Amino acid sequence: MAQLISLDMLAPQDAQGMRSALSGESGCSSSSCGSSDGPSDLPPEIWEKVKDHPCYSEEAHHYFARMHVAVAPACNIQCNYCNRKYDCANESRPGVVSEKLTPTQARRKVITVANEVPQLSVLGIAGPGDACYDWKKTRETFAQVSQDIPDIKLCLSTNGLALPDHVDEIAEMNIDHVTITINMVDPEIGTKIYPWIFYQNRRWTGLDASKILHERQMLGLEMLTARGILTKINSVMIPGVNDEHLMEVNRVVKARGAFLHNIMPLISDPAHGTHYGLTGQRGPKAQELKALQDRLSDGTKLMRHCRQCRADAVGLLGEDRGQEFTMDQLADEVSYDPSRRETYREVVAQERGEHMKQREAAGAMLAGIDAETPVLVAVATKGGGRINQHFGHAREFQIYEVSASGITFTGHRKVDNYCEGGWGEDATLDSTIEALEGVRAVLCAKVGDCPRDSLKEAGIEVSHDYAHDWIEAGITGWYASAFGTEIRQTA
Ligand code: CLF
Ligand code: SF4
């Protein structure tokens, strides 16, 4: 019976981790001291397309996982934030080289993951080069996987240069979600981002290169929109280069039918060997990113929960289980068993119904509160929409803003895992406090006295009073007790 099955039972690896976190000290020597749109906001046919996609729906990312297969290593442009030794930085964090797969190997990997990770709903191809330029491998991979797992969503990410050549096939293959990285709509700005492109059998540089790229990106976006394919635009925010210009990018892509805009912070490090890394171009601070996102909130829908994942990422956004599924760990012969994914979906359908009601109730309770300054609350969660992670085990906190207009998800802040601080837990705690700048309270499943006292000294309250509550219900409860606000009780 579906109602007797918990999310934890369906994901035993995660459940084990959660149980040890909740049990307190085991596995953690330091603990003793140591666009949130839902069905009511979207037309039904759009909600149907996004409701299981963890990137296209903030609500879905609490429940569903994506996996990437690194089948497309070739690329046709050069971005100043990319070093070809690493994954495509348009859709993934540079830093670790992925295991390149053939389409047949990718099929084995996807089936293995689908059998073991019931949350899996989307197969994405995001490099490590360009999915449209390396089209044959992308197409072959999607064709093989959809034969075995017809209900898996297909998703791809591209720089857009080769996109118009493949839009018809994309539509025929039911690839419902396409991401284009668009960093500029002014080719002059493009010259500071793209040193060259390869198009029609020759290399183009300077303004010509940027003009061609821009025109192809606009054409590709218009063609996708005309075919009803949901398009997400990724833009890398590069301070001093395109940060102000991204307002214009947002306006232009919205006018051409983009569904979602995802502003990603430039990751720039000399160790990555990129042009920007080597020339000292900095990335934006968390506050700069949020300020730009807030200015864009009247434009097209914004994605604020992107994790800049790798081209071989596996799991819920924010977790990476890729190392559990390397080729050397896969069986030679695999066959798909749909039972766990099907059961999981039944459970999620019930859970998210209750979660939605809780969200709406929380919003109604907070409506009209006297909140002159919005308050930021950080939540430690392992998924499922609940406050269910130990403070010391969190690698990131989800950040919510409480204001008179309700509770809004605003992004996440990455932190070092406090319990694995190793050489210097104090240093790790200091960096956690730094990462939580501007946050008033942290809600988690459990926290030790020592970190709680240190955060309190820094003006941040940490509470486990709302352990296992729905996130919005916990935040509402905390807000009421912190501010003594008379929150309107609704039926
Ligand atoms: Fe992958 Fe991208 Fe599809 Fe998602 S990721 S191809 S849309 S399935 Fe998602 Fe990862 Fe951000 Fe990309 S969190 S980097 S937005
Ligand atoms: Fe690198 Fe991706 Fe840009 Fe190609 S499109 S240069 S792989 S970041």
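Could you please let me know if ILE189 is more than 14 Å from ligand 1 (Cβ to nearest atom), farther than 26 Å from LEU317 by Cα and not in a helix (DSSP H, G or I)? If you could, list the steps in order and put the result at the bottom.
Values: more than 14 Å from ligand 1 (Cβ to nearest atom): yes; farther than 26 Å from LEU317 by Cα: yes; not in a helix (DSSP H, G or I): no.
The answer is no for ILE189.
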Exercise. May I ask you to say which residue of ILE182, ILE175 is surrounded by 18 or more Cβ atoms within 10 Å (Cβ to Cβ) and farther than 30 Å from GLN147 by Cβ?
Key: ILE182
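Return yes or no: is ASP298 surrounded by 13 or more Cβ atoms within 10 Å (Cβ to Cβ), of a type outside the set (Ser, Thr, Tyr) and more than 19 Å from the chain's Cα centre (by Cα)? Outline the logic, then answer.
Values: surrounded by 13 or more Cβ atoms within 10 Å (Cβ to Cβ): no; of a type outside the set (Ser, Thr, Tyr): yes; more than 19 Å from the chain's Cα centre (by Cα): yes.
In short, no.
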Quiz prompt | Residue pairs meeting the criteria (Cβ under 6 Å; at least 6 apart or on separate chains; first over 21 Å from LYS382 (Cα atoms), in the range 434-457; second assigned to a helix (DSSP H, G or I) and open to solvent by less than 20 Å² (accessible area, probe 1.4 Å)) | solution = SER454/LEU429
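Conditions (1) more than 16 Å from the chain's Cα centre (by Cα); (2) among the hydroxyl-bearing types (Ser, Thr, Tyr); (3) at pLDDT below 95, marked per residue:
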residue: HIS62; (1), (2), (3): no, no, yes
residue: ALA70; (1), (2), (3): yes, no, yes
residue: ILE77; (1), (2), (3): yes, no, no
residue: ALA114; (1), (2), (3): yes, no, no
residue: GLY124; (1), (2), (3): no, no, no
residue: LYS136; (1), (2), (3): yes, no, no
residue: PHE142; (1), (2), (3): yes, no, no
residue: SER146; (1), (2), (3): yes, yes, no
residue: ILE149; (1), (2), (3): yes, no, no
Exercise. Take LEU266 and decide whether it is under 22 Å from the mean Cα position of the chain (by Cα) and either of a type outside the set (Ser, Thr, Tyr) or modelled with pLDDT under 95 (or both).
Key: yes
Self-check item: the range 175-207 - residue that is touching a strand residue (DSSP E or B) at 6+ places or on another chain (Cβ under 7 Å) and of a type in the set (Ser, Thr, Tyr) and, of those, farthest from GLY129 (Cα to Cα)
Solution: THR205
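Criterion first (modelled with pLDDT of 90 or more and buried (at least 22 other Cβ atoms within 10 Å of the Cβ)) does ILE460 satisfy it?
Values: modelled with pLDDT of 90 or more: yes; buried (at least 22 other Cβ atoms within 10 Å of the Cβ): no.
Spelling it out, it is not the case that ILE460 is modelled with pLDDT of 90 or more and buried (at least 22 other Cβ atoms within 10 Å of the Cβ).
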Quiz item: Which residue pairs have Cβ atoms under 6 Å apart, sit 6 or more places apart or on different chains, and have a first residue in the range 126-146 that is farther than 16 Å from LYS100 by Cβ and among the β-branched types (Val, Ile, Thr) and a second that is assigned to a helix (DSSP H, G or I) and modelled with pLDDT of 95 or more?
Solution: VAL145/ARG107; VAL145/VAL110
Quiz item: Filter the range 306-328 for residues that are under 11 Å from VAL69 (Cβ atoms) and within 16 Å of ligand 2 (Cβ to nearest atom); which is surrounded by the most Cβ atoms within 10 Å (Cβ to Cβ)?
Solution: ALA311
Practice problem: Starting from residues that are open to solvent by 10 Å² or more (accessible area, probe 1.4 Å) and within 17 Å of GLU319 (Cα to Cα), keep the ones in the range 110-155 and report whichever is farthest from ligand 2 (Cβ to nearest atom). | Solution: GLU116
Quiz item: Counting just the residues of the range 45-81 that are assigned to a loop (DSSP other than H, G, I, E, B) and away from ligand 1 (no atom under 16 Å from the Cβ), which one comes out surrounded by the most Cβ atoms within 10 Å (Cβ to Cβ)?
Solution: ASN80
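Here is a yes/no grid of residues against (1) touching a Ser or Thr at 6+ places or on another chain (Cβ under 9 Å); (2) within 11 Å of ligand 1 (Cβ to nearest atom):
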residue: SER268; (1), (2): yes, no
residue: GLY273; (1), (2): no, no
residue: GLY280; (1), (2): yes, no
residue: MET303; (1), (2): yes, yes
residue: CYS306; (1), (2): no, yes
residue: ALA313; (1), (2): yes, yes
Practice problem: Using the structure shown, decide if VAL252 is out of contact with any Gly (no Cβ under 8 Å at 6 or more places or on another chain) and open to solvent by 10 Å² or more (accessible area, probe 1.4 Å). | Solution: yes
Practice problem: Find all pairs meeting these conditions: Cβ atoms under 6 angstrom apart; at least six residues apart or on different chains; first residue within the range 149-175 and on the phi > 0 side of the Ramachandran plot; second residue open to solvent by less than 40 Å² (accessible area, probe 1.4 Å) and among the β-branched types (Val, Ile, Thr). | Solution: GLY160/ILE180
Self-check item: Number of positions in the range 330-342 that are open to solvent by 40 Å² or more (accessible area, probe 1.4 Å) and under 26 Å from the mean Cα position of the chain (by Cα)
Solution: 3
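The values are calculated or read from the model by the stated rules, or taken from the named source; none is laboratory data. Keep in mind that what you see is a predicted model, and the values were worked out from it rather than measured. Note: ideal-geometry Cβ built from the backbone for every residue, glycine included; neighbour counts use all protein chains shown. The area values use the complete protein model at the heavy-atom level, side chains included, leaving out ligands, DNA and RNA. Shrake-Rupley method; radii C 1.70, N 1.55, O 1.52, S 1.80 Å.
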